[in-house]
Amino acid sequence: MFKPTDIQRGMVVRDRDGEALGGIVAVDPRGFTIGKGRIFEREYPVRFSEVDDLDGDDVYLRRDLASLPGAILAEGALDLDDEARHNMEDASHAPHRPVVYTHDLTGALVPME
């Protein structure tokens, strides 16, 4: 169980899948604020009740990015390069199969198979 007093500016916020959402730029009695950047085009407030766990300088949320209420992705955050776009077009006829991820021993996010 985490203590809200352990959450500090500069820590990295991650969704439940381990995807980095951004750094903490402010902390107040109700929660903290994720700074704008690659994922969010403006600062994004988070309540302490949304936090699942702390691991070193990482704050893990209970939800994934897609289920964060009011989250707005920064323009171009999910843009693909030409090769990735071509690969997706080639695979568009194949059925989509969701990929489940887990953390390996180093803490990296890897697909489970």
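Just so you know, all these numbers are worked out from the coordinates, no wet-lab data involved. All values derive from a computational prediction rather than experimental measurement. Because the Cβ atoms are built from the backbone with ideal geometry, glycine has one as well, and the counts that use them run over all protein chains shown.
Computed quantities for the displayed model
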{"read-out": "Residue order, fewest to most surrounding Cβ atoms within 10 angstrom, among M1, M11", "value": "M1, M11"}
{"read-out": "Coil-residue chymotrypsin sites (Phe, Trp or Tyr not before Pro) of segment 1-71, DSSP, other Cβ within 10 Å capped at 14", "value": "F2"}
{"read-out": "Label zone at D6, where the point sits 7 Å out along the Cα-to-Cβ direction: segment 18-36 residues whose backbone N lies under 14 Å", "value": "none"}
{"read-out": "Label-point separation, D17 to F48 (7 Å along Cα→Cβ), nm", "value": "2.9"}
{"read-out": "Note, ³J(HN,Hα) from phi for segment 32-44, Karplus 6.51, -1.76, 1.60, rounded to Hz, x at Gly and Pro", "value": "8, 10, 8, x, 5, x, 4, 8, 10, 7, 8, 4, 10"}
